[in-house]
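Participant: What follows is a structure written as structure tokens; I'll ask about it next.
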């Protein structure tokens, strides 16, 4: 199951969602729950950046490299960037972006295990017959509506 990153807004040109784990919670939510202080603020700013870009008409693939870039060519896996934080994603159906996981980057290269996990989740997404959205959204569930 997928969970929308933001409440459904028809003005958004792109639909952003995250893959839910068992229990209907995404890895992004679990990761955010472990953060405190400045780290929590920086990760929230990454989500704000993504939310603002969701309103744009152009493809997120066209973002500057310091905000987003491709980390794996075949299959294509991308990452959103803010400071040391990363959110891995791939293209869904239509104008859909599916976020697979998030982490704090520790080295100069993309985390190979995270990229492998994103590829696995992409393959599962493609083979899945059901791509329904959960009734709630991550933005609200994480308490970010005040931003």
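Participant: Going by average Cβ density within 10 Å per residue, which order do the peptides 79-87, 5-13 take, highest to lowest?
Facilitator: With the highest mean Cβ count within 10 Å placed first, the list reads 79-87, 5-13.
Participant: Ok, one more. With r as the distance between the Cβ atoms of residue 62 and residue 84 and R0 = 25 Å, compute the FRET efficiency 1/(1 + (r/R0)^6) and round to 0.05.
Facilitator: 0.60
Participant: Let me ask something else about it. List the extent of the Cα atoms of the range 1-71 along each of their three principal axes, largest first, rounded to whole Å.
Facilitator: Cα extents, longest axis first: 32, 28, 24 Å.
Participant: Restricting the count to DSSP beta bridges whose residues both fall in the chain, what percent are antiparallel, rounded to a multiple of 5?
Facilitator: 75 percent
Participant: At 37 °C and 0.692 mPa s, what whole-number value in µm²/s does Stokes-Einstein give for the translational diffusion of the range 2-141, with Rh from the Kirkwood sum over Cα pairs?
Facilitator: 217 µm²/s
Participant: Using Cα pairs closer than 8 Å and at least 6 residues apart in sequence, work out the relative contact order for the chain, in percent.
Facilitator: Reported as a whole number, the value is 31 percent.
Participant: From the helices alone, meaning DSSP H stretches of at least four residues, give me the mean residue ellipticity at 222 nm for the chain, per-run term -39500 (n - 2.57), in deg cm²/dmol to the nearest 500.
Facilitator: The helix contribution divided over the chain gives -9500 deg cm²/dmol.
Participant: Taking Cα centroids, how far is the range 1-64 from the range 100-116 in Å?
Facilitator: 17 Å
Each reported figure results from applying straightforward, stated rules to the coordinates on display, with no laboratory input. Predicted, not measured: the structure shown is a model, and the values here were computed from it. Here Cβ is always computed from backbone atoms with ideal geometry, including for glycine, and neighbour counts include all displayed protein chains.
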